[in-house]
């Protein structure tokens with residue numbers, strides 16, 4: 001046996017426990033981390049079939065601009081991309097920067113928590129701008145046959161910012177409108193309203209720690225439910 005492979009397995013056994021390696025939990029964790037990562041990558045690549053394949057038919061999404069089922073979420077996201085492409089605005093580019101995911105498995109259910117940065121390059125009133133939103137993604141996942149699929153997605157919004165790409169340019173925003181939005185996702189709300197959407201005020205965010213605690217409690221309860 002390749003000693004590198006042996007050492008990797010020995011390290012996993014030490015960290016996770018021999019029983020977890022033997023009963024397949026480690027493989028489950030890898031499969032869950034894979035499906036949530038593939039979903040975001042497929043979204044950024046515009047691979048809608050691959051994105052939809054990651055969702056369970058009874059999945060539920062609850063984020064800043066959408067509430068509903070997973071497959072409806074894919075369809076709405078596709079519409080957004082197509083509308084952006086049809087507008088001819090080549091300066092508008094958005095994607096996700098993903099970080100390592102923490103997975104908790106219990107039977108046929110799992111919770112995956114992933115730090116994620118939302119990135120968007122766009123023009124605001126003619127000024128080339130850069131948006132950055134720091135979040136934690138909370139994925140629910142369920143076993144479906146031999147696969148793991150996404151059963152839910154919720155987000156904790158931490159803090160965001162927007163700035164001119166060119167330091168010599170000046171980005172002028174409506175201060176009164178900014179002041180009306182939550183600190184955790186203030187600039188995201190500003191951009192959503194600019195695009196004709198209604199920003200929500202009830203999302204879990206670092207500016208309201210009790211909302212984050214409530215989300216974690218809800219996810220833990222779901223994980224414990226048979």
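The values are calculated or read from the model by the stated rules, or taken from the named source; none is laboratory data. Bear in mind that the values here come from a model prediction, so they are computed numbers and not experimental data. Quick reminder, even Gly has a Cβ in these numbers, built from the backbone with ideal geometry, and neighbours come from all protein chains shown.
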* Structure fact -> Across (1) farther than 23 Å from residue 116 by Cα; (2) touching a residue at least 12 places away in the same chain (Cβ under 8 Å); (3) in a helix (DSSP H, G or I), residue 172 clears everything bar (3)
* Inspect segment 154-164 for any residue being within 23 Å of residue 99 (Cα to Cα), outside any strand (DSSP E or B) and at pLDDT 95 or above and give the result as yes or no. => no
* Long-range neighbours under 7 Å by Cβ, at least six apart or interchain, first residue touching a residue at least 60 places away in the same chain (Cβ under 8 Å) within segment 84-98, second not in a strand (DSSP E or B) -> 98/37; 98/40
* Out of the residues in segment 201-226 that are under 17 Å from the mean Cα position of the chain (by Cα) and not in a helix (DSSP H, G or I), which is surrounded by the most Cβ atoms within 10 Å (Cβ to Cβ)? -> 204
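For segment 91-108, enumerate the residues that are under 24 Å from residue 134 (Cα atoms) and over 22 Å from the mean Cα position of the chain (by Cα). Break it down into steps so the answer makes sense when it comes.
Keep residues of segment 91-108 that are under 24 Å from residue 134 (Cα atoms), which gives 91-104.
Of everything in segment 91-108, just one residue is under 24 Å from residue 134 (Cα atoms) and over 22 Å from the mean Cα position of the chain (by Cα), namely 91.
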* Structure fact -> residue 191 fails exactly one of (1) in contact with a strand residue (DSSP E or B) (Cβ under 7 Å, 6 or more places away or on another chain); (2) buried (at least 16 other Cβ atoms within 10 Å of the Cβ); (3) in a strand (DSSP E or B), namely (3)
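Would it be correct to say that residue 32 is within 26 Å of residue 190 (Cβ to Cβ), surrounded by 17 or more Cβ atoms within 10 Å (Cβ to Cβ) and in contact (Cβ under 8 Å) with a residue 60 or more places away in the chain?
No: the conditions fail for residue 32.
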* Structure fact -> Filtering segment 42-69 down to residues that are out of contact with any helix residue (DSSP H, G or I) (no Cβ under 6 Å at 6 or more places or on another chain), over 23 Å from residue 205 (Cβ atoms) and in contact (Cβ under 8 Å) with a residue 40 or more places away in the chain yields 44, 56, 58
* Asked: Could you say whether any residue in segment 118-140 is surrounded by fewer than 16 Cβ atoms within 10 Å (Cβ to Cβ), touching a helix residue (DSSP H, G or I) at 6+ places or on another chain (Cβ under 8 Å) and under 25 Å from residue 202 (Cβ atoms)?
  -> no
* Structure fact -> If we ask which residues in segment 194-210 are under 15 Å from residue 63 (Cα atoms) and free of Cβ contacts under 8 Å to residues at least 40 places away in the same chain, their number turns out to be 3
* Any idea which of (1) in contact (Cβ under 8 Å) with a residue 24 or more places away in the chain; (2) surrounded by fewer than 19 Cβ atoms within 10 Å (Cβ to Cβ); (3) outside any helix (DSSP H, G or I) is the one residue 148 doesn't satisfy? -> (2)
